[in-house]
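Here is the structure we will look at.
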DNA sequence: TTTT
DNA sequence: TTTT
């Protein structure tokens, strides 16, 4: 019954995050991330292969996304695969695979950052379970994180 | 353009792998893997949450899967997310997300293994790019792997 | 300044964990974990290569280790690299690299588990930052975890 | 006996790589990488915590490092923990833990790149075992890689 | 559809 | 839809 479901991505956002503020202080951000693989085929030609990932971020991470991420931003993202299932109007079973983001590190040089006074400050939430160092605009999901935004 | 697209899973197979031998010595195996997350909800009740992943393995890894994996097998798997896109009969765009497996380690105790004379032998292919230790029935994708099966 | 420092290991314990109960309810467990890489050399002979890792677990994870892990246990472990530095008696600078464990999943079949009344229950702490599914005896570090042990 | 020994780091180089060309076309590069963790302590003060990692890269990866990496470069690195053991002059057992790099992606914006004629080209070796997309100056270890450098 |  |  043990399980591990872990995804690690580094790529660029295809557009600005779509952020929804829900009732009860909940926030959710959705954004797609491109990871591009580049290789040479047999004839020696370079081939680019792009995979698009649907990211979903909640609460503290969603707020960071809203404030700092925009189309083109490069990020390191850690999370898990999550499949939404539902029935469409025709009664067909439909599924959509998303990446629920649990950790994020921004990889753009600071000067690219929007909304910032130009600082180099790092952001991480102080959850003891922050599963790793997460500086620059870097955060983990966690309890109390909502109040932990440094701005 | 840089990209990282990495998935790490530990779970159990939902059924025996489906293996297809294609022309030109190509082999592909498909199998679904369950990763179960277990937590206590607010009321203190234990809740199980199972996510199913569609794995795709090629060539050497497919042969290992065919020989060693079966319904219930526990495995560590490393790979990348890959989305297949096509149009269905109604002309609708359809997508299916799969995990292309690039590395695998069997986690069952040896005695569980099918088809084996009871050995404890480890299997790994000798690709220099084998990105890590992969013993027991453990293998990486790689060139020449097809000839590297230990049976 | 952004950083990611992540380690993922699957292996077996070299001996029982050494657990120390410190003041203020702090608990620390130390144990070494072997990861074995197996490959064929040029001559086709199988070669085993074992790397030993010094694991350090705190609080809830340490208690789980104390209760469930023993010499030979197979575990999946996630954490970060941490170097302790000090001066020895001769005034030499010394370093010791350890893996600070932040997530753990036991991979033994339940019947191997010591100290259990035979249950199959799964254990995970309910930190919202639990970065992934962690069932069976599986836990994450996290706030309040100390009180979250199911035994 | 199964094992997984995997390290994932994102950080900045502390100095230029030290590259040694050995006999038989072997090349090795050593460089230290800083991963910085940033958090707020109880008093709300920001604390930075830097961990230094000794990276070792071989052959194709070493050449890429020699050509593209320099002090301050930001990189994503994937590899395994490897402990060198030896006896010093006094006969004491000594150990040194290194990260053997098996995959690398440069994370600097292109304009930061040294030695380049301004190109945006991506580099990856075409090993089928390249365990993931590795574009920009991005490479995996692998067979034949030595001849696969695009410059 | 798995596993405990 | 991104990025170089």
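The values are calculated or read from the model by the stated rules, or taken from the named source; none is laboratory data. Here the structure is a predicted model, which means the values were calculated and not measured. All Cβ positions, even for glycine, are placed from backbone atoms using ideal geometry, and neighbour counts span all protein chains on display.
Report yes if residue C:34 is at pLDDT 95 or above, in a strand (DSSP E or B), within 8 Å of another protein chain (Cβ to nearest Cβ) and in contact with a strand residue (DSSP E or B) (Cβ under 6 Å, 6 or more places away or on another chain), otherwise no. Outline the logic, then answer.
Working: at pLDDT 95 or above: yes; in a strand (DSSP E or B): yes; within 8 Å of another protein chain (Cβ to nearest Cβ): yes; in contact with a strand residue (DSSP E or B) (Cβ under 6 Å, 6 or more places away or on another chain): yes.
So residue C:34 passes the test.
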Quiz item: If residue B:2 passes every condition in (1) touching a helix residue (DSSP H, G or I) at 6+ places or on another chain (Cβ under 6 Å); (2) within 16 Å of DNA strand F (Cβ to nearest atom) but one, which one does it miss?
Solution: (1)
Quiz item: Looking at the range A:44-59, is at least one residue more than 16 Å from DNA strand E (Cβ to nearest atom), within 14 Å of chain D (Cβ to nearest Cβ) and touching a helix residue (DSSP H, G or I) at 6+ places or on another chain (Cβ under 6 Å)?
Solution: no
Practice problem: Identify all residues within the range D:84-108 that are part of a strand (DSSP E or B) and either surrounded by fewer than 13 Cβ atoms within 10 Å (Cβ to Cβ) or free of Cβ contacts under 8 Å to residues at least 12 places away in the same chain (or both); write none if there are none. | Solution: D:84, D:85, D:86, D:87, D:93, D:94, D:95, D:96
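Looking at the range B:1-26, which of its residues are surrounded by fewer than 19 Cβ atoms within 10 Å (Cβ to Cβ) and more than 16 Å from DNA strand E (Cβ to nearest atom)? Explain how you work it out, then say what you get.
From the range B:1-26, those surrounded by fewer than 19 Cβ atoms within 10 Å (Cβ to Cβ) are B:14-16, B:18-26; that's our starting set.
Listed by number, the residues that qualify are B:20, B:21, B:22, B:23, B:24, B:25, B:26.
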Quiz item: All but one of (1) under 17 Å from the mean Cα position of the chain (by Cα); (2) in a strand (DSSP E or B) hold for residue B:39; which doesn't?
Solution: (1)
Quiz item: If you scan the range A:44-74, which residues turn out to be over 11 Å from the mean Cα position of the chain (by Cα) and within 16 Å of DNA strand F (Cβ to nearest atom)?
Solution: A:45, A:46, A:47, A:48, A:49, A:50, A:51, A:52, A:68, A:70, A:71, A:72
Quiz prompt | Members of the range A:5-24 found to be closer than 13 Å to residue A:57 by Cβ and within 10 Å of the chain's Cα centre (by Cα), listed by number | solution = A:9, A:13, A:17
Self-check item: Checking residue A:9 against (1) within 14 Å of chain D (Cβ to nearest Cβ); (2) without any contact (Cβ under 8 Å) to a residue 60 or more places away in the chain; (3) within 26 Å of residue D:11 (Cβ to Cβ), the condition it does not meet
Solution: (2)
Exercise. Only residues that are within 18 Å of residue C:81 (Cα to Cα) and more than 9 Å from chain C (Cβ to nearest Cβ): list them for the range D:64-102, please.
Key: D:75, D:77, D:78, D:79, D:84, D:98, D:100, D:101, D:102
Quiz prompt | Selection within the range A:12-30 - within 16 Å of DNA strand F (Cβ to nearest atom) and either within 14 Å of another protein chain (Cβ to nearest Cβ) or in a helix (DSSP H, G or I) (or both) | solution = A:12, A:13, A:14
